[in-house]
Amino acid sequence: MIRVEDLEVTFGAGRDAVRAVRGVSFAVAPGESFGLVGESGSGKSTVLRVLAGLNTRYRGVAEIGGIAAGRGDRRLPRLVQMVFQDPYGSLHPRHTVDRALSEPLEIHGIGDANARVARALEEVGLGPAFRFRYPNQLSGGQRQRVAIARALMLEPKVLLLDEPTSALDVSVQAEILNLLKRLRASHRLTILLVSHNLAVIAHMCDRLAVMNRGAIVEEMDSEALRRAAPREPYTRQLLLASRGYDRAVAAGLVTYD
Amino acid sequence: MRGWRARLLSDTPASRRDAALGRLYRGWLAFRQNRLALLGLAIVLLLVAVAAFAPWIATHDPYEQNLPQRLLPPGSAGHWLGTDEFGRDIFSRIVYGARITLLIVVLVAAIAAPIGLVVGTAAGYLGGWVDSALMRITDVFLAFPSLILALAFVAALGPGIENAIIAIALTSWPPYARLARAETLTIRGSDYIAAARMQGAGTLRILLRHVMPLCVASVIVRVTLDMAGIILTAAGLGFLGLGAQPPAAEWGAMISAGRRYVLDQWWVATFPGIAIILVSLAFNLLGDGVRDVMDPRKR
Amino acid sequence: MSALLEVEDLRVTFPTPTGPFEAVRGVSFSLGRERLGIVGESGSGKSLTGRAVIGLLPPNARLSARRLAFDGVDLLGADARMLRRLRGRRMSLVLQDPKYSLNPVLRIGEQIAEAVRLHRGGSAREARRRALGMLEAVRIRDPERAMRLYPHEVSGGMGQRIMIAMMLAPEPDLLIADEPTSALDVTVQMQVLAILDNLVAKRGMGLIFISHDLDLVASFCDRVLVMYGGRVMEECRARELASARHPYTRGLLDSLPRIDRPRELLPTLSRDPAWLDPA
């Protein structure tokens, strides 16, 4: 469903050029849930933005359902949608929930908007009472639910998730993760989840790839992560560091290039 | 009474219209806190009322000359504010002048603001050579003081109130374009624009429905604050004889005519001057209040 | 040994159009030369508690307490000069985002040196030497170079370390750190925490560590306060947080996804209004 091969993204030019993504390859089967984990600057979000069509300057292959991303193909909006990290920045401040949800239908000339919007709100656990609110009348978790509903309006097959819960409280995070799991099953979604949080990735994904400095360090299934059996030292260090503070671990940290 | 208030302030509006009205009402409640802005609004509303009902408010025909009664001081029988050098009633002329002032302000705003908005958002959103081209044009206009540029335009187009309006409009859009562009640059990179693009929204739709509604607020604020300047520029052109032509009752032209008598018959030039100051101040106060309510940075 | 900080029945109230809103409702705790964690979700009042102690509340907030004392000095009764001397010299605050706390037009070296001179006095040379020492203490690789940089030229992790260096320059007895590592990668976070850990151990500094991350607080601090709705729900030894008894703490811990404990769905927290009843 998703195919990325030898993906290269470079920001800037000349001496200041930064190779943000260096030869990344992976594939995600239909219905599978795949995670990209890494620290800031690892290039994980850049890969996601290439697939979302928001970064069109890339070399290599980035395909969804056999269609190249970011090349202006009109079929892509109904195939792939995305949920962003910051629920405060991903909803238009002057559009009501109703307008945010009906706009994609309007663009693609899909009728029956009224019923579809009502159903979508129902599906993400927001009642009709929320329909005509502005984003500033919603909490962070409610905004993220609206963003998820918006992403599903066009009934895409692939959902890209960019740190969807890192801006939320843990109790709200649990609700959103549960919602995403339920929707994944009911809509038979293929999911690509980007996060810095290993536990969230292990909870949500079947397989994952660890990225560092623009390249994939290793790829494994979540089972291997749970058995704490990563092959690469970088991944082992990440796993140790994410378990909480430990004086000995802190003293033994190494920088991997 | 209670019913509609509850409906407007409801956290669960029942339709898009209710939501929009509720938002307006909240804005009004915030605006109401600002006493000075309310005063400004009152004066502006008074100006509108005076302009609309000029024939009923004026005590005399503003153009009727009465030479035996020329240059009467304020308080003379039948002439509260006195008469000018042709014996015309100054009060009536100021009342009719409100029409011209309002016409200038409304037309300039209606021409300049949309031009600025379109140029600014297009330059900011599209970037690249479109941005460079549009912004260089804007810079050319910005390089001249607006009154000088307006003078040049009027000189080319010929004096008259219509040409004055066109000239002022042509010189006042560049700041709005700059403002809208700056705002657009911050909006362009936001996630909600990215989301709209991913849904297949075209450039035109994003500009009209996503970018412009956010820029409109700050442009409206800026236009309101600029109203005073527009009135002064119009009065300046009138004063120089390049705006409204005699015998039209335009405040700037009235001051210009009264200038010759300013030492002995001070009232001829003073009252239109007070009218200009009052209305300019009112627009400034109103603009301050509107900014406090609408400024996106305060939300 | 008397406590470094004593807080009793601390309350912070904000006026709102619908009447006063109490954001912190009667918080009491005492702090010795140890690491105290305050955890809670957004709106729990944890940050306001920290800011109330150091006196950096928003201007419209009203503060009251039965007792608020630092090293025996009553902070509520102290005059402004006394308070200014205490803050900065003996108490410091580290915030989540160093960008808001560093002056963007001054070189980092100048800022730290100024902080040193303001609180310690002494010559410019002496201040500079101390500033270098501070940067070394927070493990900045090339402190000479870092001194010459402007705040926008450093990465997030380095900025946070510089911020900590600056706040530690006056060698305070109490450091309040509000989500100091939340914006950082886990490995950088570990390094920053190690620095704080050392300072507490070596200098006997008291630390209030405010965070939303239960696991982190449990592993880093000595004691933990769990806050919800402006109240302390539970106080316990950090190592025993995993076996906490309060349903709110339990609910929070349960709702975290765990690598070694796969579950189909995560239990969600149901909030009991009785938690907010006055005890």
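The values are calculated or read from the model by the stated rules, or taken from the named source; none is laboratory data. Here the structure is a predicted model, which means the values were calculated and not measured. We place every Cβ from the backbone using ideal geometry, glycine too, and count neighbours over all the protein chains shown. What goes into the accessible areas is simple: the full protein's heavy atoms, side chains included, and nothing from ligands, DNA or RNA. Shrake-Rupley method; radii C 1.70, N 1.55, O 1.52, S 1.80 Å.
Quick look at the numbers
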| read-out | value |
| --- | --- |
| Cβ-Cβ under 9 Å pairs, at least 6 apart or on other chains, the range B:213-225 side within 13 Å of chain A (Cβ to nearest Cβ) and free of Cβ contacts under 8 Å to residues at least 12 places away in the same chain, far side among the basic types (Lys, Arg) and open to solvent by 20 Å² or more (accessible area, probe 1.4 Å) | B:Pro213/A:Arg94 |
| Residue list for the range A:102-124, filter: open to solvent by less than 10 Å² (accessible area, probe 1.4 Å), part of a helix (DSSP H, G or I) and among the β-branched types (Val, Ile, Thr) | A:Val117 |
| Test: residue in the range B:213-233 that is over 17 Å from the mean Cα position of the chain (by Cα), within 25 Å of A:Pro87 (Cβ to Cβ) and surrounded by fewer than 16 Cβ atoms within 10 Å (Cβ to Cβ) | yes |
| Residue match in the range C:162-175 (condition: over 27 Å from A:Thr255 (Cβ atoms), out of contact with any strand residue (DSSP E or B) (no Cβ under 9 Å at 6 or more places or on another chain) and outside any loop (DSSP other than H, G, I, E, B)) | no |
| Only listed residue being part of a loop (DSSP other than H, G, I, E, B) and out of contact with any Asp or Glu (no Cβ under 8 Å at 6 or more places or on another chain), chosen from C:Leu63, C:Leu57, C:Leu83 | C:Leu57 |
| Residues being of a type in the set (A, V, I, L, M), more than 14 Å from chain A (Cβ to nearest Cβ) and surrounded by 13 or more Cβ atoms within 10 Å (Cβ to Cβ) - total across the range B:1-47 | 11 |
| Any hit, the range B:166-186, residues being away from chain A (no Cβ under 14 Å), within 23 Å of the chain's Cα centre (by Cα), open to solvent by 40 Å² or more (accessible area, probe 1.4 Å) and closer than 15 Å to B:Leu107 by Cα | yes |
| Residue within the range A:231-240 that is more than 26 Å from A:Leu160 (Cα to Cα) and among the hydrophobic types (A, V, I, L, M, F, W, C) present | yes |
| Some residue of the range C:74-90 being surrounded by 21 or more Cβ atoms within 10 Å (Cβ to Cβ) and in contact with a strand residue (DSSP E or B) (Cβ under 9 Å, 6 or more places away or on another chain) | yes |
| Any hit, the range A:88-101, residues being closer than 23 Å to A:Arg182 by Cα, in contact with an Asp or Glu (Cβ under 8 Å, 6 or more places away or on another chain) and part of a loop (DSSP other than H, G, I, E, B) | yes |
| Helices (runs of 4 or more DSSP H) wholly inside the range B:53-159 containing at least 3 residues that are surrounded by 16 or more Cβ atoms within 10 Å (Cβ to Cβ) and in contact (Cβ under 8 Å) with a residue 12 or more places away in the chain | B:90-126, B:128-142, B:146-157 |
| Count - residues of the range C:137-154 that are under 22 Å from the mean Cα position of the chain (by Cα) and either at pLDDT below 80 or closer than 21 Å to C:Leu199 by Cβ (or both) | 4 |
| Spans of strands (runs of 3 or more DSSP E) in the range C:181-244 with at least 3 residues within 14 Å of chain A (Cβ to nearest Cβ) | C:206-211, C:223-228 |
| Enumerated helices (runs of 4 or more DSSP H) restricted to the range A:169-257, each holding at least 1 residues that are farther than 18 Å from C:Ile259 by Cα, in contact with a Leu (Cβ under 9 Å, 6 or more places away or on another chain) and without any contact (Cβ under 8 Å) to a residue 24 or more places away in the chain | A:170-187, A:247-251 |
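The rows are residues; the columns are (1) touching a residue at least 60 places away in the same chain (Cβ under 8 Å); (2) on the phi > 0 side of the Ramachandran plot; (3) open to solvent by 20 Å² or more (accessible area, probe 1.4 Å).
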| residue | (1), (2), (3) |
| --- | --- |
| C:Gln191 | no, no, yes |
| C:Leu216 | no, no, no |
| C:Ser219 | no, no, yes |
| C:Arg223 | yes, no, yes |
| C:Met227 | yes, no, no |
| C:Arg237 | no, no, yes |
| C:Arg245 | no, no, yes |
| C:Ile259 | no, no, yes |
| C:Leu265 | no, no, yes |
